[in-house]
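The values are calculated or read from the model by the stated rules, or taken from the named source; none is laboratory data. Fair warning: this is a prediction, and the values are worked out from it, not measured in the lab. Positions of Cβ are backbone-derived with ideal geometry, glycine not excepted, and every protein chain shown enters the neighbour counts.
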Amino acid sequence: MAVTASTLGYKWYPVYTNPRAEKKAHQALTDKGINAYLPLCRQLKQWSDRKKWVEEPFIKSYLFVNISETEQAEVLMTKGISRFIYFSGKITAMPDRQIDDLKLLIASPYELEITEDNLQAGEMVMIKAGSLKGMIGEIIAYQSQKKLILRLDNLGCSIIVNIAANIIDRF
């Protein structure tokens, strides 16, 4: 059996940061030698005198750390970190696959949107072509268009991807 981070007791945990402190908290964790992931997306911002492309956190006030349980206290003692995310009274961990899917989504050319709406479960599908091939999600009607929803469990939000219906398969 191959030795991986998960077999060594390392898991991905979502952490909540102080407002607008995602980048500084990520840097502080990295400086401590903690494996942290902050998904960023490029956005065009407009000020009164100019427009500029900036990298913004994709999920506001969230970042992800790959740690063992013994490192949880060290993460909480990091400037900018507010708390771990809890589910049913326990700190929630995310499967490696969800972090890999999130990285794939961020790197994809598709237009992404994030929502905290509690979206109704629909038909399960798998993407059969393109850079997101093999990813599983749900189809819903959203703003009167058909869109693919990729739900991140234990995070309390959903990622909405605009994608053509002809590159998905029902299962």
Identify all residues within the range 68-78 that are surrounded by 12 or more Cβ atoms within 10 Å (Cβ to Cβ) and assigned to a loop (DSSP other than H, G, I, E, B); write none if there are none. Thr78
Qualifying positions in the range 21-60 - surrounded by fewer than 17 Cβ atoms within 10 Å (Cβ to Cβ), of a type in the set (D, E, K, R) and either at pLDDT 95 or above or not assigned by TED's automatic domain parsing to the domain that holds Thr78 (or both): Lys23, Lys24, Asp31, Lys32
Counted residues in the range 79-124 being at pLDDT 90 or above and part of a strand (DSSP E or B) come to 8
Report whether or not Lys45 is charged (D, E, K, R), out of contact with any His (no Cβ under 8 Å at 6 or more places or on another chain) and not in a strand (DSSP E or B). no
Which of the residues that make up the range 68-86 are touching a strand residue (DSSP E or B) at 6+ places or on another chain (Cβ under 9 Å) and without any contact (Cβ under 8 Å) to a residue 40 or more places away in the chain? Glu71, Leu76
Could you list, in sequence order, the residues of the range 125-149 that are modelled with pLDDT under 80, among the aliphatic types (A, V, I, L, M) and either within 22 Å of Pro39 (Cα to Cα) or touching a strand residue (DSSP E or B) at 6+ places or on another chain (Cβ under 6 Å) (or both)? Ile139, Ile140, Leu148, Ile149
Failed item in (1) under 21 Å from Lys90 (Cα atoms); (2) in contact with a strand residue (DSSP E or B) (Cβ under 7 Å, 6 or more places away or on another chain), with Gly9 passing the rest: (2)
Looking at (1) outside any strand (DSSP E or B); (2) within 30 Å of Pro109 (Cβ to Cβ), which is the only condition Val65 fails? (1)
